[in-house]
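Asks: Structure incoming, see below.
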Amino acid sequence: RVRSIGRYHPPTIGEVLFEGQAGLALSIAVVFVPERHDVTRPYAHFATPNRRAPAWLKRVVLKALHVPVLRQDRRALAMQADAIAAQGERTYAIGPLDLLGPAIWQFAHGRTPEPSERELELLL
């Protein structure tokens, strides 16, 4: 991955683009739909360039790669819900790798963030 771009389209759409040497490698758009005051359902769309691999194979690989990520997210959100229920208050921390969090937080509190760009070097 050469570059990652995260965008937040208020109030409910997040987008992440991953680029490689040949250009766009993966685009993920997620629409968060509120269902109740305490339940929001995400709907995601994954797009990849039309290169060599057939669409059905890409679909299988993307699902297989994202199952562990979704499990991890569910565990983290369940722990967060339990902590909020136990503590009766909401405190959040935004880390250096949370690229969309600061903008979402500002929108949630009635402020419009300035567009920004950050460069991160990650060694995987």
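The values are calculated or read from the model by the stated rules, or taken from the named source; none is laboratory data. Just so you know, these numbers come straight off a predicted model, no measurement behind them. Cβ atoms come from the backbone with ideal geometry, glycine included; neighbour counts cover every protein chain shown. What goes into the accessible areas is simple: the full protein's heavy atoms, side chains included, and nothing from ligands, DNA or RNA. Shrake-Rupley method; radii C 1.70, N 1.55, O 1.52, S 1.80 Å.
Asks: Within the range 57-64, identify whether any single residue is touching a residue at least 60 places away in the same chain (Cβ under 8 Å), surrounded by 12 or more Cβ atoms within 10 Å (Cβ to Cβ) and at negative phi, and answer yes or no. Break it down stepwise before answering.
Replies: Just the residues of the range 57-64 that are touching a residue at least 60 places away in the same chain (Cβ under 8 Å), to begin with: none.
Checking the range 57-64: not a single residue is touching a residue at least 60 places away in the same chain (Cβ under 8 Å), surrounded by 12 or more Cβ atoms within 10 Å (Cβ to Cβ) and at negative phi.
Asks: Sort through Ala44, Ala25, Ala53 and tell me the only one that's at pLDDT 90 or above, within 29 Å of Glu121 (Cβ to Cβ) and of a type outside the set (Lys, Arg).
Replies: Details: Ala25 fails: at pLDDT 90 or above; Ala53 fails: at pLDDT 90 or above.
The match here is Ala44.
Asks: A follow-up question, please. What number of residues within the range 1-11 satisfy the criterion of being open to solvent by less than 40 Å² (accessible area, probe 1.4 Å) and farther than 14 Å from Glu117 by Cα?
Replies: Of the residues in the range 1-11, the ones open to solvent by less than 40 Å² (accessible area, probe 1.4 Å) are 5-6.
Remaining after also requiring farther than 14 Å from Glu117 by Cα: none.
Final tally of qualifying residues: 0.
Results for (1) in a helix (DSSP H, G or I); (2) open to solvent by 60 Å² or more (accessible area, probe 1.4 Å); (3) at negative phi, shown as yes or no for each residue.
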residue: Ile28; (1), (2), (3): no, no, yes
residue: Tyr43; (1), (2), (3): no, yes, yes
residue: Phe46; (1), (2), (3): no, yes, yes
residue: Pro68; (1), (2), (3): yes, yes, yes
residue: Arg74; (1), (2), (3): yes, yes, yes
residue: Ala86; (1), (2), (3): yes, yes, yes
residue: Tyr92; (1), (2), (3): no, yes, yes
residue: Pro102; (1), (2), (3): yes, no, yes
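Asks: Now for a different question. Does the range 1-31 hold any residues that are of a type in the set (Phe, Trp, Tyr) and touching a Phe, Trp or Tyr at 6+ places or on another chain (Cβ under 8 Å), and which are they?
Replies: Once the filter is applied, which keeps residues that are of a type in the set (Phe, Trp, Tyr) and touching a Phe, Trp or Tyr at 6+ places or on another chain (Cβ under 8 Å), the range 1-31 yields only Tyr8.
For (1) of a type outside the set (A, V, I, L, M, F, W, C); (2) in contact (Cβ under 8 Å) with a residue 12 or more places away in the chain, each residue gets a yes or a no:
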position	(1), (2)
Ile5	no, yes
Val16	no, yes
Gly20	yes, yes
Val31	no, yes
Ala47	no, yes
Gly88	yes, no
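Asks: Of (1) assigned to a loop (DSSP other than H, G, I, E, B); (2) touching a residue at least 60 places away in the same chain (Cβ under 8 Å); (3) open to solvent by less than 90 Å² (accessible area, probe 1.4 Å), Ala53 satisfies all except one. Which?
Replies: That leaves (2) as the condition not met.
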